Amino acid sequence: LKVIADDGRIHTRFNQVETRTGRISSLEPNLQNIPIRTELGSQMRKFFIAGEGKKLVDADYSQIELRVLSDLSNDKNMIDAFNSGEDIHTITASQVFNLPVQMVTPQMRSRAKAVNFGIVYGIGAFSLAKDIGVSNKEAKQYIENYLAHYSGVDDYMKKMIDLETLFHRKRYLPELASSNHMMRAFGERVARNMPIQGTAADIIKIAMVKVDDRLTKENMKSRLILQVHDELIVESPENEAQRALEIVCEEMENACKMKVLLRADGKIGNTWFDAH
């Protein structure tokens, strides 16, 4: 209530230079921090309502950080998996558990998903074991099987990569030279993740500019109103909503050319909850 503006709406303030990876952050209030993962938390999105006679158009990138990882590491197996249109977590599960795709259970897929996303953040066997409820030995085996199959990712993780994104934005990490083991380990984790998360942040910023340009060029009244990391939200008059959705997904998918195809999925709704 404290931050309702004169137009009766709440406006956040975006900061481009707060995070180290280049992600945009949101302040006063932080609208990138609205819960989604829990049933109760996601209900909060019902508070975010389109203006009268308008709809919210919400599109987000599908697994963008993994797609960026496949490109940066030049891992042929992962690139092929994405470009075939198959479900990456199911394919990973079939490799990690050495089973045909049709024999992968939902639990196996869920574990493979945890490995896929954990790898991006340099997860170790101990943390993975805790996350998915298996023994350290099993978790270690999952990671080893994963890196044996995705050998390009393994090489990428080992060689302490250049600390810059695909678009050559750099991050300096004095922690890598620290004599303190914990500090050095932190630096190494960040070094692996920064180019991935940083490139994803660069891509969505390019997409934002392209979406805005396109809406203006087509003389539309639809406007980009919020960015939540890999998700864009546009407010559209009802008669423009379908076209706005097509434009947003098209521009997001064509924001940059990589070895792997980018994919954006979107929905239209009266509230943020309905549109997600």
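The values are calculated or read from the model by the stated rules, or taken from the named source; none is laboratory data. As the structure is a computational prediction, the values presented were derived from the model and not from experiment. Backbone-built Cβ (ideal geometry, glycine too); neighbour counts: all protein chains shown. Surface areas here come from the heavy atoms of the whole protein model, side chains and all, with no ligands, DNA or RNA. Shrake-Rupley method; radii C 1.70, N 1.55, O 1.52, S 1.80 Å.
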* Asked: Can you give me the relative contact order of the stretch 83-143 as a percent, contacts being Cα pairs under 8 Å and 6 or more apart?
  -> 27
* Residue-wise, which Karplus ³J(HN,Hα) couplings in Hz belong to the stretch 236-246, taking 6.51 cos²θ - 1.76 cosθ + 1.60, θ = phi - 60°, and x for glycine or proline? -> 10, x, 3, 6, 9, 4, 5, 5, 4, 4, 4
* Structure fact -> Karplus ³J(HN,Hα) for the stretch 221-229 (6.51 cos²θ - 1.76 cosθ + 1.60, θ = phi - 60°; Hz, whole; x = Gly/Pro) runs 8, 5, 9, 6, 10, 7, 10, 10, 6
* Name the most mobile residue of Ala50, Ala191, Ala201, meaning the one with the largest mean-square fluctuation, in a Gaussian network model of the chain with Cα contacts below 10 Å. => Ala50
* Spatially proximal lysines relative to Lys205 (Cα-Cα < 20 Å; intrachain offsets below 8 disregarded) -> Lys170, Lys217, Lys257, Lys259
* Asked: Considering only protein heavy atoms, what per residue accessible area in square angstrom results for the chain with a 1.4 angstrom probe?
  -> 54
* **Reported label for calculated Cα extents along the principal axes in Å given [x] 56, 48, 37; [y] 61, 50, 35; [z] 69, 43, 39** => [x]
* Between Met44 and Asp131, what is the label-to-label distance in nm when each label sits 7 Å out along the Cα-to-Cβ direction? -> 2.3
* Over the stretch 1-149, what is the relative contact order in whole percent, taking alpha-carbon pairs under 8 Å and six or more residues apart? -> 12
* To do: Report the relative contact order of the chain, percent, no decimals, based on alpha-carbon pairs under 8 angstrom and at least 6 residues apart.
  => 30
* **Among Gly152, Gly198, Gly187, residue whose mean-square fluctuation peaks in a GNM of the chain (springs only between Cα atoms under 10 Å)** => Gly187
* What are the residues whose amide H is under 5 Å from the amide H of Ile10, where those residues sit 5 or more places off or on another chain and H is modelled from the backbone? -> Ala5
* Show me 72-84, 232-244, 23-35, 6-18 ranked by packing, highest mean number of other Cβ atoms within 10 Å first. => 232-244, 72-84, 23-35, 6-18
* If you roll a 1.4 Å probe over the stretch 1-149 with all protein chains in place, what percent of the accessible area is carbon or sulfur? -> 53
* To do: List, in order, the whole-Hz ³J(HN,Hα) value for each residue of the stretch 68-84 obtained from phi through the Karplus relation with A = 6.51, B = -1.76, C = 1.60 and θ = phi - 60°; use x for Gly and Pro.
  => 5, 4, 4, 6, 5, 8, 6, 7, 4, 4, 6, 4, 4, 4, 5, 6, 7
* If r is the Cβ-Cβ distance from Leu27 to Ser151 and R0 is 51 Å, what FRET efficiency results, to the nearest 0.05? -> 0.75
